[in-house]
Amino acid sequence: MFEHLVIFKFNDKITPAKQHEFVAQLLALQDQIPGIVDLTAGVNVTEETDRIQGFTLGLRVTFEDQEALRAYGPHPAHRAFVASLDGWIENVIVTDYPIPAK
């Protein structure tokens, strides 16, 4: 399995309602894209406010394997989500890593 982590930093135009709209769009991807084992997303509620650095929304996706992760990027549902971010995003951090078998 592979883990895909994304943390979003939005520009000053973002509203709480819009962030929750993005969360709903992300959660819907699990039913739209094959190979997703688990997906969680949410607005950052950490109390460690000195560490936020403006990043306010997180996404974690567990994929069956690396091939499923590779197919996720060009999938039309993912591409539509990425397009919906236009004009809202200031920065994004992404990390992908294999999950060792237990």
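The values are calculated or read from the model by the stated rules, or taken from the named source; none is laboratory data. This is a predicted model, so every value here is computed, not measured. Note: ideal-geometry Cβ built from the backbone for every residue, glycine included; neighbour counts use all protein chains shown. Surface areas here come from the heavy atoms of the whole protein model, side chains and all, with no ligands, DNA or RNA. Shrake-Rupley method; radii C 1.70, N 1.55, O 1.52, S 1.80 Å.
In segment 48-102, how many residues are among the polar types (S, T, N, Q) and either more than 15 Å from F2 (Cβ to Cβ) or in contact with a helix residue (DSSP H, G or I) (Cβ under 9 Å, 6 or more places away or on another chain) (or both)? Please lay out each step first, then the result.
Kept after step one, since they are among the polar types (S, T, N, Q), are these residues of segment 48-102: 49, 53, 56, 62, 66, 84, 91, 95.
Then drop every residue that is not either more than 15 Å from F2 (Cβ to Cβ) or in contact with a helix residue (DSSP H, G or I) (Cβ under 9 Å, 6 or more places away or on another chain) (or both), which leaves 49, 53, 56, 84, 91.
Summing the residues that are among the polar types (S, T, N, Q) and either more than 15 Å from F2 (Cβ to Cβ) or in contact with a helix residue (DSSP H, G or I) (Cβ under 9 Å, 6 or more places away or on another chain) (or both) in segment 48-102 gives 5.
I'd like the full set of residues that are without any contact (Cβ under 8 Å) to a residue 40 or more places away in the chain and either among the basic types (K, R) or outside any helix (DSSP H, G or I) (or both), limited to segment 82-97. Outline the logic, then answer.
Step one: list which residues in segment 82-97 are without any contact (Cβ under 8 Å) to a residue 40 or more places away in the chain, which gives 82-83, 86.
Result: D86, single match.
Go over the candidates A77, A71 one by one and state the one that is in contact (Cβ under 8 Å) with a residue 40 or more places away in the chain, surrounded by 10 or more Cβ atoms within 10 Å (Cβ to Cβ) and among the hydrophobic types (A, V, I, L, M, F, W, C).
On the way: A71 fails: in contact (Cβ under 8 Å) with a residue 40 or more places away in the chain.
Going through A77, A71 in turn, just one is in contact (Cβ under 8 Å) with a residue 40 or more places away in the chain, surrounded by 10 or more Cβ atoms within 10 Å (Cβ to Cβ) and among the hydrophobic types (A, V, I, L, M, F, W, C): A77.
Would you pick out the residues in segment 80-95 that are farther than 16 Å from A41 by Cβ and either charged (D, E, K, R) or open to solvent by 50 Å² or more (accessible area, probe 1.4 Å) (or both)? First the steps, then the outcome.
Taking segment 80-95 and keeping what is farther than 16 Å from A41 by Cβ, we get 83, 86-87, 90-91.
Once the filter is applied, which keeps residues that are farther than 16 Å from A41 by Cβ and either charged (D, E, K, R) or open to solvent by 50 Å² or more (accessible area, probe 1.4 Å) (or both), segment 80-95 yields A83, D86, E90, N91.
Which residues, counting only those in segment 1-42, are open to solvent by less than 30 Å² (accessible area, probe 1.4 Å) and either touching a residue at least 60 places away in the same chain (Cβ under 8 Å) or assigned to a helix (DSSP H, G or I) (or both)? Don't jump to the end; show me each part of the working.
Within segment 1-42, the first condition is being open to solvent by less than 30 Å² (accessible area, probe 1.4 Å), and the residues that meet it are 3-4, 6, 8, 10, 19, 22-23, 26, 29, 33, 35-36, 39, 41-42.
Listed by number, the residues that qualify are E3, H4, V6, F8, F10, Q19, F22, V23, L26, L29.
Among (1) open to solvent by less than 60 Å² (accessible area, probe 1.4 Å); (2) outside any strand (DSSP E or B), which single condition is G58 missing?
Of everything listed in (1) open to solvent by less than 60 Å² (accessible area, probe 1.4 Å); (2) outside any strand (DSSP E or B), G58 misses just condition (2).
Within segment 61-81, how many residues turn out to be in a helix (DSSP H, G or I) and among the acidic types (D, E)? Give the derivation first.
Residues of segment 61-81 that are in a helix (DSSP H, G or I), as a first pass: 66-72, 76-81.
If we keep only those that are among the acidic types (D, E) as well, we get 67.
Residues in segment 61-81 being in a helix (DSSP H, G or I) and among the acidic types (D, E): 1 in total.
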